[in-house]
Amino acid sequence: MRTPQERIADAMARGAIDCGELGDGWLLFPLFVNDDRFSAELPVLVRAAYDAAT
């Protein structure tokens, strides 16, 4: 997902993976791992990605 700059450092600290080869702000969120670290905030992440794209 394309992620706003102010959220990148926190997301990466929690396990998001930089996908800079796609462009600035693109991160891979491991949503379906055993610890569910991003599952609870999936709606917030998707909305932030949408807002960043528009």
Handout entry: Enclosed volume per residue, in Å³, of the convex hull spanned by Cα atoms of the chain
Key = 71 Å³
Practice task
Could you tell me how many degrees, from 0 to 90 and to the nearest 10, lie between the Cα long axis of helix 42-53 and the main elongation axis, the longest principal axis, of the Cα atoms of the chain?
Solution key: 10 degrees
Exercise for the section: For Arg2 paired with Leu28, estimate the spin-label separation in nm (one decimal), with each label point 7 Å from Cα along the Cα-to-Cβ line. Expected result: 2.0 nm
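When the dipole is taken about the Cα centre of the chain, and only Lys, Arg (+1) and Asp, Glu (-1) are charged at their Cβ, what size is it in debye, to the nearest 20?
Details: 5 positive and 9 negative charges, 21 e Å.
It works out to roughly 100 debye.
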Completion exercise
Projecting the Cα atoms of Ile17, Leu27, Ala40 onto the charge dipole of the range 9-54, where Lys and Arg contribute +1 and Asp and Glu -1 at Cβ, the residue farthest towards the positive end is Ala40
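Read-outs throughout are calculated quantities, based only on the coordinates presented, and are distinct from any laboratory measurement. Computed from a predicted model, the values in this text were never measured in an experiment. Note that we place each Cβ from the backbone using ideal geometry, even for glycine, and neighbour counts take in every protein chain shown.
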